[in-house]
Amino acid sequence: MQINRSLLYFTLLTSMLCFCTQTFAAIYHASPEQMTIQQAIDLAESGDTVIVADGIYKGEGNVNIDFKGKLITVKSQNGAESTTVDCEKNPDTRGFIFQNNETNDSVLDGITIINGIHGLGGGIHCNNASPTIKNCVIDSNQAVTDEYHGQGGGGIYCLNSEAIITECIITNNIANSSFGGGVLIDGSAEKDNDVSGKTSLINCTISHNNGSGIFCLDGANPVIEECNVSHNKGRGIVYNLVVRSNIPITNCVIEHNMGGGIECSEYSILLIEKSIIKHNTARRGGGIYCSSSGTVDVSYCVIANNVATLTGGGIDYIGKWGSAKIENCTITQNIANESGGGIYVQSETSFSLIGSIVWGNVADDTHPEAYIQQMFIGNITVFSCNIKGRIEDIVNISDSDHVIISNNIHDDPLFVDADSGDYRLRHNSPALALGAHSTFDRIVSVSSVGKKVVMWVDLKRNR
């Protein structure tokens, strides 16, 4: 009985302490006239909140703002449209820096950051720190470093960071190199990939940046979901140098990027699903480019209206050490000035095209739909696809023992309205089990008709 009474007293005391801790969390107010943002942060303790009043914040105490490891929330009073940190294009000046092991409980919410000029991360710099950055606008900042390791992050730079960046607009930023005009996510090849550079970009707009939209390198392990990556002067998204995220890019629109849609190179592994890759332009691989050592797995994606000035309007894959798998994708209306309007492949390793529609692509030279060349004894699979043209004109075989080509058809897939970008299939389409079944108006779920490879005999039996 005595033991139970002691436990009861201990539980009550603990509850009171927790209540008191929550009750006495302080709120500090920053304003352009009275208190700088840095002064308010310096007064705050972990668990406190800094409310930033409407206005434009400039000068000492309102730039190069450091959270100093505190688990606090710095939040604008009325949103990013009313609250701006202006770095005034002064050298070595950025908006915020996180460098003291901040966690996701360190929150920056609803601030616009403009005109920063710094080395890595013109707007925000995260170095071995993992804040939450949400509802922010990162606009017209510049990264100017000449360092080999990085060279970018005009808007945001994250090194060995598990930062969560959500509901943000990252636009009009510049990197002196192509490394992350918008965002540069940098890992460390010496660390375990599970903890190195696992920065999350969720429901963000990354657009009109000078350089690539998102550049990931050196063992980074990014999470990219529900983002619009568009109108960047480099590629939309780049995985370079042993980037091996085990979480696929999901529900993204990657469009109108001047250096191509997506690149996977230097022993990186790229997974992407349920996304739209359209209207991008590159020398090779207008939609997706995978170098000789990259590995890509693409599923339930629409890859359309991309342009390559050489090969692979939709997809370009040269496989020597990696592999490529394209499954349940719609690849249409892409253009290559030379060969492989939809797909261009030269593979010594493994290439698989499964359950996909390749139709209505253009090449000025040869192979408008696809060119798939088996090099040496590379494994080639083309299974249950709808491809325009004779398969013999598409696949160049050197060793038939390592090739699987079966169950393919060559009929018009009957898109709802391809000219307006609606690549859903009509009810009487011969390819109802295939492709991505998405529209360009918004990301939609894959059609319930066949989310797996279906044998044509079974499909006909069910019709």
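Taken together, the values in this text are just the output of simple stated rules run on the coordinates, not laboratory data. Given the structure is predicted, the values throughout are model-derived calculations rather than measurements. Here the Cβ is made from the backbone with ideal geometry for all residues, glycine too, and neighbour counts use every protein chain on show.
Using mean Cβ contacts within 10 Å as the protection proxy, how do 364-375, 210-221 order, highest first?
On the way: 364-375: 20.5, 210-221: 27.5.
For the peptides 364-375, 210-221, the packing ranking is 210-221, 364-375.
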### Query
Local charge sum around A336 (other residues, Cβ-Cβ under 14 Å, Lys/Arg +1, Asp/Glu -1)?
-3
### Query
Against the longest alpha carbon principal axis of the chain, how many degrees, from 0 to 90 and to the nearest 10, is the axis of helix 2-23 turned?
90
### Message
Can you tell me the length gained on complete extension of the stretch W321 to Q39, counting 0.36 nm per residue apart and subtracting the Cα distance?
### Response
96.1 nm
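Students often check this: by mean Cβ neighbours within 10 Å, which of 44-50, 123-129, 263-269 ranks highest, and how do the rest follow?
Details: 44-50: 17.3, 123-129: 24.7, 263-269: 22.1.
Descending packing order for the listed peptides: 123-129, 263-269, 44-50.
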### Task
Find out how many positive minus negative residues lie around N78, taking Lys and Arg as positive, Asp and Glu as negative, among other residues whose Cβ is under 13 Å from that of N78.
-2
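Which links in K68/K134; K233/K278; K233/K320; K134/K274; K274/K325 stretch past 21 Å when you go from one Cα to the other? Provide the component values of the computation, followed by the final result.
Values: K68/K134 19 Å; K233/K278 15 Å; K233/K320 29 Å; K134/K274 24 Å; K274/K325 15 Å.
Long pairs (Cα-Cα over 21 Å): K233/K320; K134/K274.
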### Message
Please compute the modelled spin-label separation between V416 and N203, points set 7 Å along Cα→Cβ, answer in nm with one decimal.
### Response
2.5
### Message
Could you tell me how far the Cα centroid of the range 36-92 sits from the Cα centroid of the range 339-399, in Å?
### Response
54
### Message
Let me check I've understood the local charge: for N203, count other residues with C-beta under 10 angstrom from its C-beta, Lys and Arg +1, Asp and Glu -1. What total comes out?
### Response
-2
### Task
With Rg/Rh (Cα atoms, Kirkwood Rh) defined as stated, name the option among [x] 0.97; [y] 1.04; [z] 1.08 computed from the structure displayed.
[z]
### Query
How much FRET efficiency would the formula 1/(1 + (r/R0)^6) give for I247 and S398, where r is the Cβ-Cβ distance and R0 is 35 Å, rounded to 0.05?
0.45
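If packing is taken as the average number of other Cβ atoms within 10 Å across a peptide's residues, how do 328-334, 271-277 rank, most packed first?
Details: 328-334: 29.0, 271-277: 25.0.
So the order, starting with the most tightly packed, is 328-334, 271-277.
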### Query
So for the pair M258, R426, with labels modelled 7 Å out along Cα→Cβ, what separation do we get in nm?
4.0
### Task
Can you tell me the relative contact order of the chain? Whole percent, Cα pairs under 8 Å, sequence separation 6 or more.
6
### Zone of D105's modelled label, taken as backbone nitrogen in the range 31-54 under 16 Å from a point 7 Å along Cα→Cβ
44-50
#### Entry: Sites A26 and S350, calculated FRET efficiency, Cβ-Cβ separation with R0 45 Å, nearest 0.05
0.15
